[in-house]
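Working notes, beginning with the structure itself.
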Amino acid sequence: MTAIRMVSSVLLLVLMQSGAFCARRFRGGRNPQPRRSPPPPTYRADRGDTTESFPLDFTAVEENMDNFMTQVKNLAQSLYPCSAQKLDYDMKLNFLENTSVTCNDGSPAGYYLKESRGSRRWLIFLEGGWYCFNKENCDSRYETMRRLMSSSKWPQTKTGTGILSPLPEENPHWWNANMVFLPYCSSDVWSGATAKTEQSGYAFMGSLIIQEVVKDLLNKGLDNAKVLLLAGSSAGGTGVLLNVDHVAELLEGLGHTGIQVRGLSDSGWFLDNKQYHCTDCVDAVSCAPTETIKRGIKYWGGVVPERCRQTHEGEEWNCFFGYRVFPSIKSPVFVVQWLFDEAQLTADNIQLTGQPVQEGQWRYIQNLGIELRNTLKDVPAMFAPACLSHEVITRNYWIDVQVKGTSLPRALHCWDRSLNDNRNNKAPPKGCPVHLIDSCPWPHCNPTCPTIRDQFTGQEMNVIQFLMHMGFDVQKMAQQQGMDPSKLLGMLSSGS
């Protein structure tokens, strides 16, 4: 038996070294540009990560060691060529088993899946893409953005990026999870539960699509999950807030009480504030956010969390705005929100292209940052950089943005650990922050913000160039801050 143990150790070493070698070679070809090296992924019992296992039965070879060693040698030789092959890291398209749950145009809804055998962590991502709220602008959306209303031309595979990437250097803490991408084809902020009718002309089934995907995944390994993270960006981020408790309740009702359901909402924390400049309500971009949601929730047959519905009975549209729905959510949710969100500014009719903004617009933008900070102050787990942008968790730069010296992947890892420690009655980890919000007052005052480019020339702009383009008055701002203008310019130049 001692010999058997030695051979099994050799075989395991061969498997691990060959797999690591293949992964290194493929990652090097996929991402050749130099990047800041992240810390190597750690493996902890409380994270639920497990190395993929290969069940081996040695009893049959105890009397035939020579033959067994020959098989080990052949296996090692067969694994070596994989270093020159492209590993299959893509997510593959699956359509729902329940064909009655569809996209807007009645085509089948579905999802992309990349399984990670051995991992008990699952990540389901909800795609964003605005919405439509009446027959006219839904018809227009169908003509111009059909991919967001129909599955008829979806590709067979999809490559994960950001938090959906299977590469540790791009996704330090979630790379080994089972990845699921839900394409957005319901145009209802993932809230609808209404079949196609003659009057509406479209089906709005976003909420039902999520539930059916979860049911399908139970047959693909989700039933053995330890953690399910429901994530999403933009309309998908709002969809997380609307659906995370529904998913938890669904799994509990089906008897899967051991799965910890959590939410990650990126760029979906919108405000129902007054527009800078009021216009006619023609489409989702020009219309005030409150007005589009009021019209949309009726058109979609929108479903909101029950506790929020009871709080805002008769005015359920309130539940589409983060700071109003968040207090009613029972599941743990991590909120990621740019303090100067481009989609929020667009909805508020602030245009940042062409001429520098006027003084009134500049004040409006600054006040938006203040309002967002105020709505986020009681959110326990959040990451809010003072940047002008929209969406982040699936961007290739998501590991580079920091708030107070902590990156977003690090903050999410700290959040994971704190939730696990809470369940095990342990003290929260020290030096591992989860409530991170910038305090500087201007767009892009955080030096790790994504690069800004001039809309017309395509050239990169530094912080001073960007602020000047925005109509930033150095003299006036220095006076407001009680400092010398040259000192303020120096701080901006150095990214302080």
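The values are calculated or read from the model by the stated rules, or taken from the named source; none is laboratory data. The structure displayed is predicted, hence computed values, not measured ones. Reconstructed Cβ throughout: ideal geometry from the backbone, glycine too, with neighbour counts over all protein chains shown. Ligands, DNA and RNA are excluded from the accessible area calculation, which covers all protein heavy atoms including side chains. Shrake-Rupley method; radii C 1.70, N 1.55, O 1.52, S 1.80 Å.
Looking at Ser233, Ser207, Ser187, can you tell me which residue is open to solvent by less than 10 Å² (accessible area, probe 1.4 Å) and touching a strand residue (DSSP E or B) at 6+ places or on another chain (Cβ under 6 Å)? Selected residue: Ser233, the only one of Ser233, Ser207, Ser187 that is open to solvent by less than 10 Å² (accessible area, probe 1.4 Å) and touching a strand residue (DSSP E or B) at 6+ places or on another chain (Cβ under 6 Å). Of all residues in segment 170-184, those satisfying the criterion of being in a loop (DSSP other than H, G, I, E, B) and surrounded by fewer than 24 Cβ atoms within 10 Å (Cβ to Cβ) are Glu170, Pro172, His173, Trp175, Asn176, Pro183. Going by the structure shown, is Pro380 touching a residue at least 40 places away in the same chain (Cβ under 8 Å) and either open to solvent by less than 10 Å² (accessible area, probe 1.4 Å) or in a loop (DSSP other than H, G, I, E, B) (or both)? The answer is yes for Pro380.
Beta carbons closer than 7 Å, at least 6 apart along the sequence or on distinct chains, pair a first residue in segment 429-447 that is farther than 26 Å from Arg363 by Cβ with a second that is at pLDDT below 85 for Pro429/Asp421. Mind listing whichever residues of segment 139-154 are surrounded by fewer than 21 Cβ atoms within 10 Å (Cβ to Cβ) and part of a helix (DSSP H, G or I)? Within segment 139-154, Asp139, Ser140, Tyr142, Glu143, Thr144, Arg146, Arg147 meet the criteria. Among the residues of segment 155-166, those identified as within 21 Å of Asp400 (Cβ to Cβ) and either more than 14 Å from the chain's Cα centre (by Cα) or part of a loop (DSSP other than H, G, I, E, B) (or both) are Thr159, Gly160, Thr161, Ser165, Pro166.
Of all residues in segment 291-321, those satisfying the criterion of being open to solvent by 80 Å² or more (accessible area, probe 1.4 Å) and in a loop (DSSP other than H, G, I, E, B) are Glu313, Glu315.
For Leu217, the test of being more than 26 Å from Glu371 (Cα to Cα), in contact with a Gly (Cβ under 6 Å, 6 or more places away or on another chain) and at pLDDT 95 or above is failed. All of (1) touching a Ser or Thr at 6+ places or on another chain (Cβ under 6 Å); (2) modelled with pLDDT under 95 hold for Leu241 with one exception: (2). Checking Pro429, Pro447, Pro441, Pro409 one by one, the residue that is at pLDDT 85 or above and either open to solvent by 20 Å² or more (accessible area, probe 1.4 Å) or more than 24 Å from the chain's Cα centre (by Cα) (or both) is Pro447 and no other.
Here is a yes/no grid of residues against (1) part of a loop (DSSP other than H, G, I, E, B); (2) open to solvent by less than 40 Å² (accessible area, probe 1.4 Å); (3) within 18 Å of Arg262 (Cβ to Cβ):
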| site | (1), (2), (3) |
| --- | --- |
| Pro168 | yes, yes, no |
| Tyr202 | yes, yes, no |
| Asp223 | no, no, yes |
| Asp245 | no, yes, yes |
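The set of residues from segment 186-235 being hydrophobic (A, V, I, L, M, F, W, C), over 21 Å from the mean Cα position of the chain (by Cα) and closer than 12 Å to Leu251 by Cα comprises just one member, Leu218.
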